[in-house]
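The values are calculated or read from the model by the stated rules, or taken from the named source; none is laboratory data. Keep in mind that what you see is a predicted model, and the values were worked out from it rather than measured. In this analysis, Cβ positions are derived from the backbone assuming ideal geometry, glycine residues included, and neighbour counts consider all displayed protein chains. Each accessible area value is taken on the protein alone, full model and side chains, heavy atoms only, with ligands, DNA and RNA left out. Shrake-Rupley method; radii C 1.70, N 1.55, O 1.52, S 1.80 Å.
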Amino acid sequence: MQRRQLIQLATASLAGTALGARAQAFPSKPIKLVIAFPAGGPTDITMRSLAENASKILGQSVIVENKPGAGGTLPAQGLQSAPADGYTLAQIPLGVFRMPYTTKMTWDPLKDLSYVLNVTGYAFGLVVRSDSPIKNWNDFVAYARANPGKLTFGSTGTLTSPHLTMELVANKLGIELTHVPYKGSADLMQAVVGGHVMAAADSTGFAPQVEAGKLRVLNTWGDQRLAKFPDAPTLKELGLDLVQNSPFGIAAPKGTPAEVVKRLHDAFKKAMEEPSYVQALARYDMLPNYMDSAQYLKFAQDTSAREKVLIDKLGLNKPQ
């Protein structure tokens, strides 16, 4: 009996040593981080800052690859065919948790991803051109009531948080809007400044255009007014009882070894604490929003349940 116990202890010790060695050996080559929106927008700029910080901590380059489209869900889909070795990571926008209800798919976001950590969340708002006859939210609603379906607004994609929030607002107010999807903030800003759409629902990537006098903010969607736009009321102040801030984080393929996930978690958590990342977020009124792997998975589960209710309410369920 003693001999058997000694063998079991020795085997467990060797297994633990092997796991520790594998974690220490990772990474031995560059890591790819796929993000859901185009170059030049707030997601791209802030995630590149985070990746640069993580590269220094991991001792290997973290290379950002942009894969926009499909409402920000392409990076998560790409993980389904990537090796589960920690060398391919993806940004997970909130829209990923809506996919099972809006899209025919063969994988489950709650079961088929290894959640690493949550890093931040967007601050959202609605803007129009500064020379628009729509001067405030009351003007926006009045125009929509008088011209059903003629008030166009752009977002960063179909079934993204900005799109669905505006659909929910329209539903609550009994107005009809026309949605125009774009691949990301950079394209959307060009469209609204160029007059191709009358309004834009977006993260505060619109801040430079507002500061340049090209756009006007009608409202913001957080729990409180944004310091950068103190004159813009929140949706709650406008009587809509809505808050939207859309946290997002990083995931790896299903089956990625736990010790590799922990190594990535620890490195990106430390990268989040670097002043350069905090400053990059501040440009867009974003804040660090840390959740560890277990907390992030729980957030995904809770969000998925909540989004099903929203999709059902708006009648946007996938065809049966």
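Ordering Met198, Gly40, Met105 by the projection of their Cα atoms onto the charge dipole of the chain, which places +1 on the Cβ of Lys and Arg and -1 on the Cβ of Asp and Glu, puts Met105 at the extreme positive end. Accessible area of Tyr101, 1.4 Å probe, to the nearest 10 Å²? It works out to around 50 Å². Considering helices alone, the calculated mean residue ellipticity of the chain at 222 nm is -13000 deg cm²/dmol, with DSSP H runs of length four and up weighted by -39500 (n - 2.57) and normalised per residue.
So which helices of the chain fit the span-like rule, where a helix is a whole DSSP H run, its Cα atoms reach 27 Å or more along the axis, and its mean Kyte-Doolittle is at least 0.0? Passing helices, by number: 2-25.
Between Pro68, Pro83, Pro109, the Gaussian network model of the chain with springs among Cα atoms under 10 angstrom shows the greatest mean-square fluctuation at Pro83.
The residues Lys67, Lys313, sorted by heavy-atom accessible surface at 1.4 Å with ligands and nucleic acids left out, run Lys313, Lys67 from largest to smallest. The distance separating the Cα centre of segment 202-232 from that of segment 87-166 comes to 16 Å. Would you mind telling me the antiparallel percentage of the DSSP bridges in the chain, rounded to 5? Bridges in the chain are about 60 percent antiparallel.
Ligands, DNA and RNA left out, the accessible area of the chain computed with a 1.4 Å probe is 53% carbon and sulfur. Can you classify segment 230-279 as rounded, prolate or oblate using the Cα gyration tensor, where a ≥ b ≥ c are the square roots of its eigenvalues, rounded means a/c under 1.5, and otherwise it's prolate if a/b beats b/c and oblate if not? Here segment 230-279 falls in the oblate category.
Quick check for me: using +1 on Lys/Arg Cβ and -1 on Asp/Glu Cβ, what's the dipole size of segment 18-92 about its Cα centre, in debye to the nearest 20?
Working: 6 positive and 4 negative charges, 28 e Å.
Computed charge dipole of segment 18-92: roughly 140 debye.
With all protein chains kept in place, the per residue accessible area of the chain amounts to 45 square angstrom at a probe of 1.4 angstrom.
Neighbours of Thr178 by Cβ distance under 12 Å: Lys/Arg scored +1, Asp/Glu scored -1, total -1.
Structure remark: mean-square fluctuation, Gaussian network model of the chain, C-alpha springs under 10 Å; the largest value among Ser161, Ser81, Ser49 belongs to Ser81.
Kindly state, to the nearest 0.05, the FRET efficiency for Ser61 paired with Lys214, given R0 = 41 Å and r defined as their beta-carbon distance.
Values: r = 36 Å, r/R0 = 0.88.
Computed FRET efficiency for Ser61 and Lys214 comes out at 0.70.
Residues whose amide H comes within less than 5 Å of that of Thr103, counting only those at least five positions distant or on another chain, are Lys318 (H built at 1.01 Å from N in the peptide plane).
In the elastic network of the chain, a GNM with C-alpha springs shorter than 10 Å, the most mobile of Leu126, Leu33, Leu242 is Leu242.
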